[in-house]
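First up is the structure itself, then whatever we jot down about it.
The values are calculated or read from the model by the stated rules, or taken from the named source; none is laboratory data. Every value quoted in this text rests on a predicted model; they were computed, and no experiment measured them. For neighbour counting, all protein chains shown are included, and Cβ atoms are generated from backbone atoms with ideal geometry for every residue, glycine included. SASA here: full protein model, heavy atoms, side chains in, ligands and nucleic acids out. Shrake-Rupley method; radii C 1.70, N 1.55, O 1.52, S 1.80 Å.
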Amino acid sequence: MPLSGLDGRWWPWRRKKKEAYQEVVKQENREKEAMKLLEKEQMQKTAMELLEQYLQFQQEREGCFEAKHPMSAFFLFSKERREALLQEKETILEISKIAGEEWKNMAEEQKAPYEEEQNGIFSLLRL
């Protein structure tokens, strides 16, 4: 005597219901994958647009580079002195220290040419 629910009449019905459920799940999974791909594609497009904008900005900016302010008298002196010290094979750190010490120990008369050059540069920029 077959038990109710286990005889052959009920199994095909359950199998059809299970297959229908599995088809719905497969369809939902395909839709989820399609949405993921769409989102990924949209993010790539956005990234490419931002990259193009950035590159265009960089190209426009290249020709516009100007110093915010001209070099000070010390920097003018340091630039000149650096060239001489580089020929003596000094390191950059030593060059900076030497130039700073020399500037501190210079008399006002020795600093005057660099300050005049600085003032000349400032007056050219104001024009």
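Figures for the structure shown
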read-out: Meets criteria (surrounded by 10 or more Cβ atoms within 10 Å (Cβ to Cβ), modelled with pLDDT of 90 or more and assigned to a helix (DSSP H, G or I)) for ARG30; value: yes
read-out: Selected residue (criterion: modelled with the lowest pLDDT) from residues of segment 42-74 that are closer than 30 Å to TYR114 by Cβ and open to solvent by 100 Å² or more (accessible area, probe 1.4 Å); value: PHE65
read-out: Within segment 99-127, considering residues that are over 26 Å from LEU86 (Cα atoms) and part of a helix (DSSP H, G or I), the one modelled with the highest pLDDT; value: ASN119
